[in-house]
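Here is the structure we will look at.
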């Protein structure tokens, strides 16, 4: 059974996250996609509480085949993968994150526990990918696939919401509606 893992803060989840999930399910013929909402990410500050981000992620990924959304208590990828003990999952990241892999906690162990499914956008510089792969202990465990670019970031969405701007077309409709209902990301 092919299992993928898409972890993140999802503060908030957006159409880019959903597109990545859909492309990975198709590209790797995933039977199951575990979407993990990191309760307290070690690498970034979050604005919305974990329970709200979990609810938003469940709404965002509701129509992705095989997706299951869960709260992740481990703040580091290696700890989360160790705890879950999945059989050779594909951990999904973006191409820019691949360059940061050497700074992760125990990157070699991450590559023992999971293959990396690395999404690149068309035209992503091959030399940047090659340079990143040179710093990876197990390049044979890195699977690269193309994804149509989605010029969306969670930080931009939080700024838009704080200004009271609509999020239409940037997040799934149910997510936009729930952000509004909960009053998330509003400027005080």
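The values are calculated or read from the model by the stated rules, or taken from the named source; none is laboratory data. The model shown is predicted, which means the values in this text are computed figures rather than measured ones. For neighbour counting, all protein chains shown are included, and Cβ atoms are generated from backbone atoms with ideal geometry for every residue, glycine included.
Quick look at the values:
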{"read-out": "Among residues of the range 131-141, those that are in contact with a helix residue (DSSP H, G or I) (Cβ under 7 Å, 6 or more places away or on another chain) and either farther than 17 Å from residue 90 by Cβ or in a loop (DSSP other than H, G, I, E, B) (or both), counted", "value": "5"}
{"read-out": "Members of the range 142-152 found to be surrounded by fewer than 18 Cβ atoms within 10 Å (Cβ to Cβ) and not in a loop (DSSP other than H, G, I, E, B), listed by number", "value": "143, 144, 145, 146"}
{"read-out": "Criterion: closer than 22 Å to residue 160 by Cα and surrounded by 21 or more Cβ atoms within 10 Å (Cβ to Cβ) - qualifying residue of 24, 19, 60", "value": "60"}
{"read-out": "Close pairs from the range 69-96: first exposed (fewer than 14 other Cβ atoms within 10 Å of the Cβ), partner assigned to a loop (DSSP other than H, G, I, E, B), Cβ under 8 Å, at least 6 apart", "value": "71/39; 73/39; 73/40; 83/74; 87/1; 88/114"}
{"read-out": "Residue pairs meeting the criteria (Cβ under 8 Å; at least 6 apart or on separate chains; first within 11 Å of residue 61 (Cβ to Cβ), in the range 15-31; second part of a helix (DSSP H, G or I))", "value": "17/60; 18/60"}
{"read-out": "Counted residues, the range 168-188 - those being surrounded by 14 or more Cβ atoms within 10 Å (Cβ to Cβ) and without any contact (Cβ under 8 Å) to a residue 24 or more places away in the chain", "value": "2"}
{"read-out": "Within the range 3-55, tally of residues that are within 20 Å of residue 168 (Cβ to Cβ), outside any helix (DSSP H, G or I) and under 13 Å from the mean Cα position of the chain (by Cα)", "value": "5"}
{"read-out": "Qualifying residue in the range 107-116 (condition: crowded, with 16+ Cβ neighbours inside 10 Å, over 18 Å from the mean Cα position of the chain (by Cα) and in contact (Cβ under 8 Å) with a residue 12 or more places away in the chain)", "value": "yes"}
{"read-out": "Residues of the range 170-183 classified as part of a loop (DSSP other than H, G, I, E, B) and at pLDDT 95 or above, total", "value": "2"}
{"read-out": "Residue in the range 118-130 that is exposed (fewer than 14 other Cβ atoms within 10 Å of the Cβ), touching a strand residue (DSSP E or B) at 6+ places or on another chain (Cβ under 8 Å), within 20 Å of residue 35 (Cα to Cα) and in contact (Cβ under 8 Å) with a residue 24 or more places away in the chain present", "value": "no"}
